[in-house]
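Presented below is the structure to which this report refers.
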Amino acid sequence: MDWFPLLLSLRVASLATLMAAVLGIGGAYLLAKGRFPGRGLLEAVASLPIVLPPTVLGYYLLVVLGARSPVGRAWESVFGGPLVFSVTGAVVAATVSALPFCLRTARAAIEQVDPRVEAAARTLGLPEWRVALQVTLPLARRGVIAGVALGFARALGDFGATVMVAGNIPGRTQTMPIAVYDAVQAGDDARAGTLALILAVVAVAVLLLVNRFSRAGV
Amino acid sequence: MTVAVDAVLRAGEFVVRADFSLTAEQGPIVALFGPSGSGKSLTLALIAGLLRPDSGTVHLGGRLVADAATGLHVRTQDRRVGMVFQEALLLPHRTALDNVALAVRAGSRAEQQERAREELALVGAEQLAEQHPRTLSGGERQRVALARALAGDPQLLLLDEPLSALDQPTRIALRVLLRERVTVPTLLVTHDLDEVAALADSVVEYEPGRTLGVRAAR
């Protein structure tokens, strides 16, 4: 049994979840608290990965990050290799896929925090960043954790965007969901079954975790 | 500290016109007294900087802190006010001691904790230091909230019906505490004549939607 896809998937999903969590929680805070022009558009764009077919999402990422795009060329001149068809490309695809789950769930949780408790914190002299870090986010932590867990599940399971951006290179960019597809294509039922079972178990574990943290109470 | 308010504030359908000025000699405790819904709490939120006036100005200690005409708005954090609300609004994820220490503005963490312990002792709540707010009674929470408001060395203490959610014996015990403990200039929102008689040195009278004037309480 070749464990490379499992290890790669865990690595890609962990990095992607970390990035999606930072961007998603920060973005959620801005969207929940900020009043600025283009807010609605920003939220819509950040939520696109939920509604777009993953392959379409991957296609656009390929357009934006590909070797001939300004981003792709800048990346190549700095790092000496293309961003697409690499592990980094897989991380970017998984990050974008996971982002809306982190962002939307965290935003809902942040909006549920009692604004009077935040007001009370301001009367204590806490600057806004401390109100955010010591009051709002701790009070919203259940929703924030649930969102990050959902993001992780999404990042781990992404097929379409990843295969478009990072390709299907066994031993290099072949993540678990892609390996399942490959195994089925090759008629290797045992391998497909094992990989699918692992993904399913992780998905169930994440849902149990999310349900635990989504329950009411602080 | 002198407080001078000459402002109109709108909150939804509700409009309050607050026009009064107070000097230190009229304190330390000045009651904002009138029927429920006359705009007393909104006035307090205006003074704290939690709301902005729709027209007019607010001066604290001779300093202009809000001016609707120019858009000037000194942040709550920079007004040096302490505030206690009808509900204690303690941070539920922190102990009583941590809640109070959060308000201490200077010193190392150990010094802040030490000061917080002193403040808790002054309100008769030193034994509650390690407890979380959910394990405290309503009266205990308000004691901690008072210690927290005073720990920031406010120049003005704002009490928004802090005793109205408490049962009669607890209310009387806390009245005694407030009378003993409060030496900083204080504005107390209340609709309870007994409270005015027990605590206030002066009274700002309200009728629905506006202030009528300032009189001595005794």
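Every number here is computed from the coordinates shown, using simple stated rules; none is lab data. Computed from a prediction, not measured in an experiment: that's the story for all the values here. Here the Cβ is made from the backbone with ideal geometry for all residues, glycine too, and neighbour counts use every protein chain on show.
For chain B, dividing the convex hull volume of the Cα atoms by the residue count gives 121 Å³ per residue. This ranking places A:36, B:85 by how few other beta-carbon atoms lie within 10 Å of each, fewest first, which gives A:36, B:85. The simple Förster model, with R0 at 60 Å and r as the Cβ-Cβ distance, assigns residue A:2 and residue B:11 a FRET efficiency of 0.40. Shape analysis of chain A yields a ratio of the Cα radius of gyration to the Kirkwood radius, Rg/Rh, of 1.04.
Counting Cα-Cα pairs of the range B:92-147 in 5 Å increments starting at 0 gives whole-percent bin shares of 4, 25, 35, 23, 10, 2, 0. If you take the Cα centroid of the range B:77-142 and the Cα centroid of the range B:11-27, the two points sit 28 Å apart. In order along the range B:144-156, the Karplus-derived 3J(HN,Hα) couplings, from 6.51 cos²θ - 1.76 cosθ + 1.60 at θ = phi - 60°, round to 5, 5, 5, 4, 5, 5, 7, 5, x, 6, x, 8, 8 Hz, and Gly and Pro are given as x. Going from the fewest other Cβ atoms within 10 Å to the most, the residues B:95, A:175, B:183, A:17 appear in the order B:183, B:95, A:17, A:175. Expressed as a whole number of Å, what is the distance separating the alpha-carbon centroids of the range A:170-189 and the range A:1-71? Here the two parts' Cα centres lie 24 Å apart. The slack in the chain from residue A:41 to residue A:169, taken as 0.36 nm per residue of separation less the alpha-carbon distance, amounts to 42.5 nm. Normalised by 2.2 N^0.38 Å, with N the number of residues, the alpha-carbon radius of gyration of the protein assembly as shown equals 1.29. Using a Förster radius of 60 Å, what is the FRET efficiency between residue B:21 and residue A:55 based on their Cβ-Cβ separation? Nearest 0.05, please. The pair residue B:21/residue A:55 has a calculated efficiency of 0.30.
Helix A:70-79 and the longest principal axis of the Cα set of chain A meet at an angle near 80°.
For residue B:164 and residue A:205, a Förster radius of 51 Å and the Cβ-Cβ distance give a FRET efficiency of 0.60, rounded to the nearest 0.05.
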